[in-house]
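The structure appears right after this line, and notes come after that.
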Amino acid sequence: MLALSFLELNSTLALNLSWTGLKQRAGLTEAKSGAGVSAEASSVKCKLQGAARLPAFSMDGDYIIGGVFSIHNYMHTVKHNYTTMPEPLRIDSRELRFSRAMVFAIEEINKSSKLLPSIRLGYQIHDSCASVPMTVRVAFQLSNGLDSVFYTGDHCTRSGIMMAIIGESGSTPSISMSRVIGSFNIPQVSHYATCACLSNKEQYPSFFRTIPSDQFQADALAKLVKHFGWTWIGAVRSDSDYGNNGMASFLDAAQKEGICVEYSESFYRTHPRSKIQRVADVIRRSTAMVVVAFAASGDMKILLEELSREPSPPRQWIGTESWVTDPDLLRFTFCAGAIGFGIQQSVIPGLRDFLLDLSPTKDAFNCRLGKSEKINYSSSLYFPSVCDGTEDIQTLKSPYTDTSQLRITNMVYKAVYAIAHAIHNSAYEKLILFCIISFLCLILFYPQVFTELKKVNFSQNGYDVSFDANGDPVATYELVNWQKSKIGSIEFVTVGHYDASLPVGQEFRINRNLTWVEGSTQVPVSVCTDSCPPGTRKVLQKGKPICCYDCIPCPEGEISNATDSPDCFPCPKEFWPNAERNKCFPKPVEFLSFDEVLGIILAAFSVGGACLAMITAAVFFRHRMSPIVRANNSELSFLLLFSLTLCFLCSLTFMGAPSEWSCMLRHTAFGITFVLCISCVLGKTIVVLMAFKATLPGNNVMKWFGPPQQRMTVVSFTFIQVLICIIWLVLSPPFPMKNLTVYKEKIILECALGSAIGFWAVLGYIGLLAVFCFVLAVLARKLPDNFNEAKFITFSMLIFCAVWITFIPAYVSSPGKFTVAVEIFAILASSFGLILCIFAPKCFIILFQPEKNTKKHLMNKN
């Protein structure tokens, strides 16, 4: 077993090496067969030029599995001036646990009677010190063979055959290692190298891994950010293959999801502090609430330490599996609420007891041994107190012994079993025979193990192990949230899962409540611009990312019914937006109805006019034998009153919702009744002229324009209008229509003319008769008589013509229902003009001046 100093398991304690001590420890680095060396000695070996030649832990066997882990590392780059002691190497407790987990798995397999029975696996584990050059040296050594002397006997060499290599933890060292051993088809199985570039089988043909590729994690992170509505984020990454390739994959996925990145900064643990400070300042000054960190755990630790020196505004951290499940980072309490994807937790029975099976030194308990006991360095410098013997190793809590969050450790465990299954499936007994008789074993064995490694598919402790064509496993992650416990400490809480093997849209699920930055239970908002509400559209701000935009209200007649709509779309023709412009409603239909004030007033005047005409007719009928009635051609007067009644009533057909019949009726009834009315007036005017002509000596003109001729005149003029209306109705009749052009926000229900020629022909004919009647009335206005009806006809025609002349521009320019109102007004005004000018004076004499209602008075000349 490996004898380790517990002091070095505490990652916060550095070795204080003196130059003399360095030389002394250099002599302690001889490897012991089957036992390995102390971690203290291992820390010295990384500083020596020949460190790569000596494994940290080793054990002989029939087949050897190599291991490369970053057990020690430098956290900063320091220029040595030889006036002060150099910075000591620091031990990485998790990496040490990974290496010990590999030893545990191999010893477990050696005890198995089912997997590789009668075959003993050995191992050689090297410390790369997180250094690419050191990793390359180790790769060359493992590729060149383990011993320089050939032994005869049962095996090719005393130390067995190197079957495969597990490691490295970082993507960049793994890439370097794979380029070396890939040429020899030596399988490399990494437990922690996640760079998507390693899935390229043309460049890394012998590379496998038990941890999912960053391509899956990048897609999962983009979906996570999109799920919570974050469209404006910051991004930081390790300046390494892991960080650069992973962030590139994430940015591609984020762009497809419509996510914008305010900044993308890179850093590395060995960069000068000024560079780390600059990245920290960018985070502090940014407007993005959410920060996605695609960084290695060691790099993230340096950045968070820098941020802790000067508190920044609250930030919601989104992490990758490299750091979001690292217990050592939980001390940064300002990161509480961080979420990210981690490898699934696992249980490896017996591992903790194995990790505790170490040399019983007392350094882990912050005390030193008694004075009589020999110690390797001055422990009193660090631990002034003496151990009292009550210290219990079973209660020891450190990152090395913590098996409550076994994630990456299980990846190492699975890697060992994958290699063992590949060897088991390679007909190992026959290969041993080949190995005994020929050096061809090295040529034949690697390809077969490499081929079988592609095919492995088994389950160990309930965890499935297999590889796809790129050497990658099925991508499954846990969604981990940093939450405060009841006692106030931060702990990892699994709140969801991501499984890339599930159908699209079902990979991601959350099954527990999350805690966000500053302990909030509300999802933080991280957007460049607040979402545009329905009723507006997005307009990109010039020179800024697509997530930065202005919200512009939809133009008139258009809506947007979704948040952050890029465009507004018009409502259907018969619909109009509401005030918020987020819904389309049917346009209100407008027409001149009997229910509105204007309709009621016009209807009242219409009915009133008809009643007035009927009352006048009743008065005339009551006094039909009186001189004034008989003198004014009572037959034409009654016909005129009848036509005026129809004129008043026809205006009612213009009110109400237009229908096919009402549209045809209103214009034809109006045209015919008015022609009948004007024809009667024209007949009366002609009678007046003829009557005075007949008073001249020898003139017998009245016999040519008696009552029969008067009737025929009225019928003839009216028939012409009837004929015009029939032609209009047959060829292109009026019809109801929805006028959508006058008003955008409402529909005008009106009667289309059908044929404008027909309509204006009807009006033109009425106008022609009115003008003719007016001319005749003007000619007859000065004829001598005490009661010359031509004067009143002149005034009535003057009013009639004035009304209809002004009607034309008013009709054309009036919008909507007011067009109908103008037409009704013209009908009523002209009708009232006729009845008042022609009949009002007569009714006044009949009712109030009966003394003037005599033949003598009427025959008097002025």
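The values are calculated or read from the model by the stated rules, or taken from the named source; none is laboratory data. Every value quoted in this text rests on a predicted model; they were computed, and no experiment measured them. Cβ coordinates were reconstructed from backbone atoms using ideal geometry, including for glycine residues, and neighbour counts include every protein chain displayed. These accessible areas exclude ligands, DNA and RNA; they are computed on the full protein's heavy atoms, side chains included. Shrake-Rupley method; radii C 1.70, N 1.55, O 1.52, S 1.80 Å.
If you scan the range 193-208, which residues turn out to be out of contact with any helix residue (DSSP H, G or I) (no Cβ under 6 Å at 6 or more places or on another chain), open to solvent by 10 Å² or more (accessible area, probe 1.4 Å) and part of a helix (DSSP H, G or I)?
Answer for the range 193-208, where residues must be out of contact with any helix residue (DSSP H, G or I) (no Cβ under 6 Å at 6 or more places or on another chain), open to solvent by 10 Å² or more (accessible area, probe 1.4 Å) and part of a helix (DSSP H, G or I): just SER199.
With ALA235, ALA253 as the choices, which residue is free of Cβ contacts under 8 Å to residues at least 60 places away in the same chain and in contact with an Asp or Glu (Cβ under 6 Å, 6 or more places away or on another chain)?
ALA253
Looking at the range 546-562 only, could you name the residues that are open to solvent by less than 50 Å² (accessible area, probe 1.4 Å) and in contact (Cβ under 8 Å) with a residue 60 or more places away in the chain?
If the condition is that a residue be open to solvent by less than 50 Å² (accessible area, probe 1.4 Å) and in contact (Cβ under 8 Å) with a residue 60 or more places away in the chain, then CYS547, CYS548, GLY557 are the ones that fit.
Of the numbered conditions (1) surrounded by 17 or more Cβ atoms within 10 Å (Cβ to Cβ); (2) of a type in the set (A, V, I, L, M, F, W, C); (3) under 25 Å from ASP214 (Cβ atoms); (4) at pLDDT 90 or above, ILE490 fails exactly one; give the number of that condition.
That leaves (3) as the condition not met.
The rows are residues; the columns are (1) hydrophobic (A, V, I, L, M, F, W, C); (2) surrounded by 15 or more Cβ atoms within 10 Å (Cβ to Cβ).
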position	(1), (2)
ILE91	yes, yes
GLU95	no, yes
MET102	yes, yes
GLU108	no, yes
LEU115	yes, yes
SER118	no, no
LEU121	yes, yes
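Could you grab the pairs with beta carbons closer than 8 Å, sequence gap of 6+ or different chains, first residue in the range 818-830 and in the same structural domain as LEU649 (by the TED database) and among the hydroxyl-bearing types (Ser, Thr, Tyr), second one surrounded by 21 or more Cβ atoms within 10 Å (Cβ to Cβ) and assigned to a helix (DSSP H, G or I)?
Correct list of pairs: SER830/CYS647; SER830/PHE674; SER830/PHE800.
In the range 212-239, how many are crowded, with 24+ Cβ neighbours inside 10 Å and over 28 Å from the mean Cα position of the chain (by Cα)?
1
Scanning for something among the charged types (D, E, K, R), under 26 Å from SER131 (Cα atoms), at pLDDT below 95 and open to solvent by 30 Å² or more (accessible area, probe 1.4 Å), does the range 242-264 turn up at least one residue?
no
Go over the candidates PHE719, PHE759, PHE772 one by one and state the one that is without any contact (Cβ under 8 Å) to a residue 12 or more places away in the chain and within 29 Å of LEU640 (Cα to Cα).
The conditions single out PHE719.
Scanning the range 585-605 for residues that are in contact (Cβ under 8 Å) with a residue 12 or more places away in the chain and not hydrophobic (A, V, I, L, M, F, W, C), which turns out least open to solvent (accessible area, probe 1.4 Å)?
GLY599
Look through the range 719-737, keep the residues that are surrounded by fewer than 18 Cβ atoms within 10 Å (Cβ to Cβ) and not β-branched (Val, Ile, Thr), and return whichever of them is nearest to CYS677 (Cα to Cα).
Only one residue tops the list, namely PHE719.
Quick one: what pairs do we get from the range 302-315, first residue within 16 Å of LEU330 (Cα to Cα), second open to solvent by 50 Å² or more (accessible area, probe 1.4 Å) and of a type in the set (D, E, K, R), C-beta under 8 Å, 6+ apart or different chains?
GLU306/ARG273
Within the set of pairs 6+ apart or on separate chains, which have a first residue in the range 738-754 that is surrounded by 15 or more Cβ atoms within 10 Å (Cβ to Cβ) and aromatic (Phe, Trp, Tyr), a second that is in a strand (DSSP E or B) and at pLDDT 85 or above, and C-beta atoms under 9 Å apart?
If the second residue must be in a strand (DSSP E or B) and at pLDDT 85 or above, the pairs left are TYR743/GLU590.
I'd like the residue in the range 764-789 that is open to solvent by less than 30 Å² (accessible area, probe 1.4 Å), over 15 Å from PHE717 (Cβ atoms) and in a helix (DSSP H, G or I) and, out of all such residues, is modelled with the highest pLDDT.
Out of the qualifying residues, it is ALA777.
If a residue must be among the β-branched types (Val, Ile, Thr) and touching a helix residue (DSSP H, G or I) at 6+ places or on another chain (Cβ under 7 Å), how many such residues does the range 231-282 contain?
Number satisfying all stated conditions: 6.
It is to be established whether one or more residues within the range 172-192 are in a loop (DSSP other than H, G, I, E, B), open to solvent by 10 Å² or more (accessible area, probe 1.4 Å), at pLDDT 90 or above and within 18 Å of GLY61 (Cα to Cα).
No: zero hits.
Looking at the range 449-556, what strands (runs of 3 or more DSSP E) fall wholly within it and have at least 3 residues that are among the aliphatic types (A, V, I, L, M) and under 24 Å from ARG331 (Cα atoms)?
Strands (runs of 3 or more DSSP E) meeting the threshold: 490-499.
Determine if the range 101-115 includes at least one residue that is in the same structural domain as ASN457 (by the TED database), of a type in the set (Gly, Ala, Ser) and part of a loop (DSSP other than H, G, I, E, B).
yes
Quick one: which of VAL504, VAL525 is open to solvent by 30 Å² or more (accessible area, probe 1.4 Å) and outside the structural domain of VAL290 (by the TED database)?
Going through VAL504, VAL525 in turn, just one is open to solvent by 30 Å² or more (accessible area, probe 1.4 Å) and outside the structural domain of VAL290 (by the TED database): VAL525.
Could you list all residues from the range 606-633 that are open to solvent by 40 Å² or more (accessible area, probe 1.4 Å) and not in a loop (DSSP other than H, G, I, E, B)?
The answer is VAL607, CYS611, LEU612, MET614, ILE615, ALA618, PHE621, ARG622, PRO627, ARG630, ALA631.
Just wondering, is there one or more residues in the range 385-395 that are open to solvent by less than 20 Å² (accessible area, probe 1.4 Å) and either in a loop (DSSP other than H, G, I, E, B) or modelled with pLDDT under 85 (or both)?
no
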